[in-house]
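The values are calculated or read from the model by the stated rules, or taken from the named source; none is laboratory data. Remember, predicted model here, so these are calculated numbers, not experimental data. Note that each Cβ is placed from the backbone with ideal geometry, even for glycine, and that neighbours are counted across all protein chains shown. The protein model used for the area step is the full one, side chains on, heavy atoms only, and it has no ligands, DNA or RNA in it. Shrake-Rupley method; radii C 1.70, N 1.55, O 1.52, S 1.80 Å.
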Amino acid sequence: MNPIKIVLLTIGQSPRRDIIPEIRPLISPNVEIRERGLLDNLDFEEIQKLKPDKDEVPLVSILKNGETVHLGVKKIEALLEENIKEMQRENIKAIGLLCTHDFKEREYSIPVIFPSRIIRFFVEQILKINKLGIVIPLENQSDMAKEKFQCEKIFIQFKSPYEKEKTWEEIVYHFKKEEVEGIVLDCIGYKIKDLQEVKKMINVPILLPRLILVYSINFLFS
């Protein structure tokens, strides 16, 4: 039986050594993973041109050297569409996006898995969470994160998955204080160990984007 070829597409550069080695063992063995990055074939100057415009909320990803990069939403959205159109002409069965931004909905000829849409469905339709806690990498992403979800109350905390800063204990303390009914770790960079740490401290549903992506791939192709 021929393997099912899918692409895991990062908005930064591949390979994503902080993601793929962790999730590969969890994905069905009949799935062949290929990695791509929107910035793979761009040089330093071209990447600099993708930085956010003044007052634009940035997206965050990493380069293959581990360096963090801030990117403008509109520029990345155009690059994303260009890459997906190109991949639709190849022998690819699906694309999984390694990003949780709520990109504009479009129709494609193959399945494109946007973790943010599945997470939103769980929060609003399955779990029906009224008081939601969200963890995001940057403080200036707060409004963008809140706009994703139709919940009565949303509480935001900040913690970069790529840098050491605020502890999970501090974050959970604030969520407990607000009596949140569920938590979204709203960046593909958060790891399974982050989920496990938070779970030890609070007994509510916690949604981790990279696991949502894994479950979606296995649902399609197992």
- Which numbered condition trips up Glu56, out of (1) exposed (fewer than 14 other Cβ atoms within 10 Å of the Cβ); (2) charged (D, E, K, R); (3) in contact with a strand residue (DSSP E or B) (Cβ under 6 Å, 6 or more places away or on another chain); (4) farther than 30 Å from Val172 by Cβ? (1)
- So which of Lys104, Lys75, Lys64, Lys54 is free of Cβ contacts under 8 Å to residues at least 24 places away in the same chain and basic (Lys, Arg)? Lys54
- Within the stretch 28-53, the count of residues that are over 30 Å from Ser222 (Cα atoms) and out of contact with any Pro (no Cβ under 7 Å at 6 or more places or on another chain) comes to 13
- Query: Across the stretch 80-122, what is the total count of residues that are at pLDDT 95 or above, under 13 Å from the mean Cα position of the chain (by Cα) and among the hydrophobic types (A, V, I, L, M, F, W, C)?
  - Reply: 7
- Message: If a residue must be farther than 24 Å from Glu81 by Cβ and crowded, with 18+ Cβ neighbours inside 10 Å, how many such residues does the stretch 107-135 contain?
- Response: 6
- Query: Which of the helices (runs of 4 or more DSSP H) contained wholly in the stretch 148-222 include at least 2 residues that are closer than 16 Å to Arg120 by Cα and open to solvent by less than 30 Å² (accessible area, probe 1.4 Å)?
  - Reply: 209-221
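Condition test on Asn218, is it under 17 Å from Pro25 (Cβ atoms) and not basic (Lys, Arg)?
Yes.
State yes or no: is Asn30 among the polar types (S, T, N, Q) and under 30 Å from Leu195 (Cα atoms)?
Spelling it out, Asn30 is indeed among the polar types (S, T, N, Q) and under 30 Å from Leu195 (Cα atoms).
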- Query: What number of residues within the stretch 104-127 satisfy the criterion of being aromatic (Phe, Trp, Tyr) and either under 22 Å from Pro15 (Cα atoms) or in contact with a Lys or Arg (Cβ under 8 Å, 6 or more places away or on another chain) (or both)?
  - Reply: 1
